[in-house]
Amino acid sequence: MVRKIFFIAAAVFVFNASLYSQVSRWENFTDLKNITSIAADPGSNNVYCASRGGLFVVDASTQKIVNKYSNLNGLINNDLISLTIDNKRRLWIGAGDGSISILNLLDLTWKYIFDIKNSTESNKLINFLLPSGNFMFVATGYGIQKVSIINFNFIDAPYYKLGSFPINTPVYGLTINNNILYAATKSGVASGNTATSNLNDPNSWSNHSGSPLNADVRTIETFDNKIFAGSLTGFSYFDGANWVLYPNGTVANGNTKFIKAIQDKIYFISGNTVYFANVGNLSAINVLRENNNYTTIASDNRALPVMGLSDNGVLLDNNNNYLYPNSPFTNIFNQITIDENDNIWAAGGLGFNGFYKYDGIQWENYNEATHPEIGGNWYQKIVSGNGNVWALGFGGGPTLVRGNIIQNFNSTNSILPGIPGDPLFCVPVGGAYDNSGLFWVSFYLTNTGNSLYVYLGNNEWFGFSNPSTIISASLSKIAIDSYSTKWVASSVGRSGVYFFNENGSLTNTSNDIFGFYDNSDFGSEVTNIYDLIVDKNNEVWIATNNGVFIINNPLGAIQNPAQKPPAQKLGIISGNLKVPFTENCLTITNDILNDKWIGTENNGVFHLSPDGSTLLEQFNTSKSPILSNQIKTIAVSNKTGKAYFGSNNGLSSYATDAIEPVADFDKITASPNPYLVPSSVNLKIDGLVENSIIKIITLSGEVISEFDSPGGRIAVWDGKNKNNELTSTGIYIIVAYNKDGSKVGKGKVAVVRK
């Protein structure tokens with residue numbers, strides 16, 4: 001049976017416009033240092049570099065990066081695994097989601113193959129692409145596909161079973177010699193004759209699974225009429241009759257990551273070293289590069305090797321410059337915050353990632369190698385306020401960053417706690433500033449009985465003893481309301497929300513007020529509290545595994561903790577009904593207009609009205625360029641209105657109109673101007689003070705429309721008058737003023753009635 005493969009042939013911008021609306025509002029930030037595959041264009045100096053964050057292009061002659069591609073300008077997916085160039089100078093790009101993007105290097109147009117991506121296969125990785133004449137052999141996580149490069153049809157059904165190997169054995173690499181296709185697989189090496197055999201028949205395949213090629217054969221290559229294959233445990237070659245261990249003990253039993261033949265030399269990566277050997281003298285191996293995390297090798301158009309690394313971009317043979325675009329240290333954004341200068345800060349979330357900063361132009365990475373004073377590399381959370389940034393280290397304590405000054409606090413230089421069994425392992429998990437400018441920090445299971453601390457300045461901390469309410473608790477995210485009540489998510493020991501108020505006196509703990517909302521207070525389905533905020537109405541919003549809950553009278557909790565106000569479950573109006581919001585919510589924030597932004601486990605981002613009742617927008621990977629459907633953290637810039645969504649696949653930003661208002665009117669602008677009506681977009685009115693009233697007025701003084709701004713710098717008008725009719729062609733005055741009329745601004749717009 002022959003399966004057809006579906007493709008779309010279109011210019012990149014046509015494709016993106018059809019799939020995503022308002023692409024220009026989006027920007028994505030990914031790690032481009034983790035190189036997975038390299039392909040050199042035979043018709044130019046360009047070397048194409050695939051990474052787990054997208055594609056970039058290096059000019060081998062100038063050693064400059066000349067282009068970048070992502071899911072915003074051509075790719076289907078940024079998580080790239082494999083590259084090759086066919087005989088028509090088209091770059092084939094295989095991704096982790098099964099998509100194949102094809103860039104014509106002659107005219108820079110794109111084609112796309114979705115068949116594998118849209119299939120029901122469980123492992124859709126495009127691990128390797130092998131061009132052979134008019135066909136492309138595709139190594140996947142479930143077998144091999146054969147595709148015509150003429151019409152993009154599948155040739156044969158997928159090769160699911162390769163001889164005696166289990167069905168759907170993952171295939172990691174391919175090579176062909178004298179019409180024999182060789183496959184490096186999880187179970188060993190399989191081979192079949194492409195000219196005389198029906199490769200859909202398992203019996204047409206031969207297998208080799210002798211040690212060290214008995215498992216996890218990750219790379220295979222043809223050189224000197226021999227087939228070389230490498231696994232996690234060794235390196236062998238097939239001489240046409242037998243498989244022979246590579247004739248050098250240094251590499252014969254090593255982890256062989258990649259093999260590449262370039263003219264009369266064979267290059268290979270064993271462990272952390274790149275070696276090469278000359279034809280006819282395999283035993284005499286030479287070290288090309290060593291002591292680094294090399295992943296792949298390719299040849300540029302001068303037959304010089306280009307090496308990729310897992311953490312440092314690409315390295316051309318004739319220089320020592322590691323080349324990659326400026327990018328975040330990794331794709332993992334565990335938590336983000338925006339400081340007063342509109343810098344983006346992110347916690348890396350894993351043991352070696354540290355934290356990173358983006359100033360709008362460049363990324364700066366903070367880890368022990370670059371900034372030894374930070375006291376560790378494992379930073380899970382990050383918080384900003386009062387001109388400071390606090391990075392919260394898992395085991396290493398909180399680190400204060402203020403300008404160029406970095407100071408780490410831990411259990412050896414302060415009173416901060418460790419954990420039971422390790423008094424030096426200091427684990428801050430949440431932090432927030434109160435209205436007095438004091439920074440409060442919560443801690444994971446502590447060895448002191450204190451889980452909540454406040455930084456008083458001048459290296460001084462004060463800890464609060466855990467009441468019986470939260471004894472042995474693990475506190476995490478903190479939000480602080482206008483009454484200075486700390487609202488803290490709690491897990492281990494007692495799961496729910498702890499609230500605490502020092503009652504106006506920090507060091508006199510006898511009058512402290514506290515209480516607790518158990519998970520059961522939010523309903524039987526709630527098992528985890530992930531995040532919480534205090535919004536502009538001083539309401540506490542709590543993100544859980546079963547929706548969002550709102551405490552709209554937080555003062556009542558400290559007035560009478562025994563009869564605390566109930567939490568109300570968020571519902572969204574759909575039609576004429578209010579439907580409970582039941583998403584697994586990992587993070588929540590609000591913007592300057594008090595709109596709510598909720599990041600979920602599986603369904604991307606929900607943008608809600610200030611009261612949460614109306615869904616304004618939803619972003620997921622099917623409807624937008626957002627990088628993941630699992631959103632771990634969200635922050636919205638008041639200065640630019642950009643909403644940032646952090647995930648394990650990188651950071652996405654989306655430009656909104658939620659921008660802080662100006663203090664005084666200067667000039668009111670309108671765009672687009674002239675404004676054609678009817679229109680699919682609203683007229684944007686920019687330059688407003690807080691809570692402006694806007695009037696649209698004819699030149700003769702007639703007010704045709706009047707409305708309030710949402711509260712920020714920008715408002716919109718749909719081009720209709722008070723009677724909900726489209727406005728006639730003409731010049732109109734825009735007048736805006738604040739509530740008491742003491743501030744007034746003016747602008748003009750030309751309306752053209754189509």
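Values in this text are rule-based calculations from the coordinates and carry no lab data. As the structure is a prediction and not an experimental result, all values here were calculated from the model. Reconstructed Cβ throughout: ideal geometry from the backbone, glycine too, with neighbour counts over all protein chains shown.
Choose one of 506, 548, 109: the residue whose Cα lies farthest towards the positive end of the charge dipole of the chain (beta-carbon charges +1 Lys, Arg; -1 Asp, Glu; about the Cα centre).
Towards the positive end, the residue furthest out is 109.
Counting Lys and Arg as +1 and Asp and Glu as -1, each charge on the Cβ, what is the dipole of region 669-753 about the Cα centre in debye, to the nearest 20?
Approximately 160 debye in magnitude.
Return the sequence-ordered ³J(HN,Hα) values of region 686-692 in whole Hz as given by the Karplus equation 6.51 cos²θ - 1.76 cosθ + 1.60 applied to θ = phi - 60°, using x for Gly and Pro.
Per-residue couplings from phi come out as 10, x, 9, 7, 4, 6, 6 Hz.
Tell me, what is the percent relative contact order of region 669-753, built from C-alpha pairs under 8 Å that lie six or more residues apart?
The value is 36 percent.
Got a sec? Charge dipole of the chain, +1 on Cβ for Lys and Arg, -1 for Asp and Glu; which of 177, 282, 301 is way out at the positive end?
Going by the Cα projections, it comes out as 177.
Apply the Karplus parameterisation 6.51 cos²θ - 1.76 cosθ + 1.60, with θ equal to phi minus 60°, to every residue of region 534-550 and state each ³J(HN,Hα) to the nearest whole Hz, in sequence, with x for glycine and proline.
10, 8, 6, 9, 6, 9, 9, 10, 10, 8, 10, 6, 9, x, 10, 10, 10
Please state the relative contact order of the chain as a whole percent: Cα pairs under 8 Å, 6+ residues apart?
For the chain, the relative contact order is 7 percent.
Using θ = phi - 60° and the Karplus form 6.51 cos²θ - 1.76 cosθ + 1.60, what ³J(HN,Hα) does each residue of region 646-663 get, whole Hz, x for Gly and Pro?
x, 8, 7, 10, x, 10, 10, 10, 9, 7, 10, 9, 7, 10, 4, x, 7, 6
Within straight cross-link reach of residue 739, meaning Cα distance under 20 Å, which aspartates and glutamates are found once same-chain residues fewer than 8 apart are removed?
Qualifying aspartates and glutamates at Cα under 20 Å: 660, 664, 666, 686, 690, 706, 708.
Whose amide H sits under 5 Å from the amide H of residue 255, counting only residues 5 or more places off or on another chain, with H placed in the peptide plane?
Long-range HN contacts for residue 255: 271.
What dipole magnitude, in Debye to the nearest 20, does the chain give about its Cα centre under +1 on Lys/Arg Cβ and -1 on Asp/Glu Cβ?
It works out to roughly 1620 debye.
So in the chain, what percent of DSSP beta bridges are antiparallel if you round to the nearest 5?
100
Show me the ranking of peptides 81-87, 384-390 by mean Cβ neighbours inside 10 Å, starting with the highest.
81-87, 384-390
Among 750, 727, 693, pick out the residue whose Cα is farthest towards the positive end of the charge dipole of region 669-753, where Lys and Arg carry +1 and Asp and Glu carry -1 on C-beta, about the Cα centre.
750
Could you order peptides 457-465, 532-540 by the average number of other Cβ atoms within 10 Å of their residues, highest first?
Listed from highest to lowest mean packing, they are 532-540, 457-465.
Considering amide H positions built from the backbone, and no H for Pro or chain starts, which residues 5 or more places from residue 544, or on another chain, come under 5 Å of its amide H?
530, 549, 585
Is the C-alpha gyration tensor of region 243-287 telling us rounded, prolate or oblate? Criteria: a/c under 1.5 is rounded; beyond that, a/b larger than b/c is prolate, otherwise oblate.
Note, shape of region 243-287 comes out oblate.
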